[in-house]
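Participant: The structure is given below, and queries will be raised subsequently.
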Amino acid sequence: MKTMTEAEWDATHDDFKKLWTAERTDWTDWERVRNRYMGKRTVMSDGVLLVEGMGLVITPNPPKSKDDKVYLRDIGRALEKNIYAQTDTSLHWLAVIGEDSIQPVPTKEWYYNDALIQVGVVNGNSEGSLIYVQAQKNRYQPELLVPLFRIKLLCSPMAAFAEAKIVYEFFESQEFMDMVSHT
């Protein structure tokens with residue numbers, strides 16, 4: 001039996017986790033056992049496929065304390081997941097500005113609870129467009145911007161504005177507020 005939290009599930013690479021969506025026509029008793037599999041989360045662990053409810057238990061995340069740090073990488077993952085949930089996304093990649101994405105440990109923290117968020121679209125040097133997300137460090141000094149995320153889209157700047165709206169709405173969402181509310 002493997003137990004993991006929602007956060008551990010979210011952090012697991014997509015190559016090792018999936019939702020079960022395949023109808024099994026090769027199983028003779030599929031109709032009888034179908035409800036045990038369909039829509040359940042699965043994870044590969046030590047070469048074994050574990051299915052939620054059958055060898056895999058996913059527990060809610062423990063409540064956050066005031067001492068817990070919120071990393072930009074975690075916010076970026078949630079933002080990326082939110083963008084990918086849209087049907088017509090052209091998202092190519094999302095990066096935390098100033099942090100190497102191959103670092104095993106995130107380093108940049110969220111400190112900007114009273115910040116105004118700015119989302120801007122620019123034409124990329126190569127194909128596609130870039131979205132920059134910045135926090136205004138001080139409400140009364142709009143020139144003090146802190147770069148947070150750079151998002152590469154494989155689309156024109158005009159099409160990127162629709163996705164920029166999705167990015168902006170994420171930073172106004174309850175999901176985001178819940179992530180940073182204790183800091």
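The values are calculated or read from the model by the stated rules, or taken from the named source; none is laboratory data. These numbers were taken from a predicted model, which means no experiment stands behind them. Quick reminder, even Gly has a Cβ in these numbers, built from the backbone with ideal geometry, and neighbours come from all protein chains shown.
Participant: From the residues in segment 121-132 that are small (Gly, Ala, Ser) and assigned to a loop (DSSP other than H, G, I, E, B), which one is surrounded by the most Cβ atoms within 10 Å (Cβ to Cβ)?
Facilitator: Gly128
Participant: Return the residue satisfying two criteria in turn: it lies in segment 153-183 and is small (Gly, Ala, Ser) and under 16 Å from the mean Cα position of the chain (by Cα), and of such residues it is surrounded by the most Cβ atoms within 10 Å (Cβ to Cβ).
Facilitator: In this case the residue turns out to be Ala164.
Participant: Is it the case that some residue within segment 10-23 is modelled with pLDDT of 85 or more and over 30 Å from Arg73 (Cβ atoms)?
Facilitator: yes
Participant: Can you tell me which of Ala22, Ala11 is touching a residue at least 60 places away in the same chain (Cβ under 8 Å) and either loosely packed, with under 14 Cβ neighbours inside 10 Å or of a type in the set (Lys, Arg) (or both)?
Facilitator: Ala11
Participant: What number of residues in segment 1-43 are among the aliphatic types (A, V, I, L, M) and under 29 Å from Lys69 (Cβ atoms)? Lay out the reasoning, then the answer.
Facilitator: As a first pass, look at segment 1-43 and keep what is among the aliphatic types (A, V, I, L, M): 1, 4, 7, 11, 19, 22, 33, 38, 43.
After this cut, where a residue has to be under 29 Å from Lys69 (Cβ atoms) as well, the list is 4, 7, 11, 43.
Within segment 1-43, residues that are among the aliphatic types (A, V, I, L, M) and under 29 Å from Lys69 (Cβ atoms) number 4.
Participant: Something else: Take the residues in segment 70-94 that are of a type in the set (Gly, Ala, Ser) and surrounded by 15 or more Cβ atoms within 10 Å (Cβ to Cβ); name whichever of them is modelled with the lowest pLDDT.
Facilitator: Residue satisfying both the conditions and the ranking: Ser90.
Participant: Output yes when any residue across segment 133-151 is at pLDDT 85 or above, surrounded by fewer than 18 Cβ atoms within 10 Å (Cβ to Cβ) and not in a strand (DSSP E or B), and no when none is.
Facilitator: no
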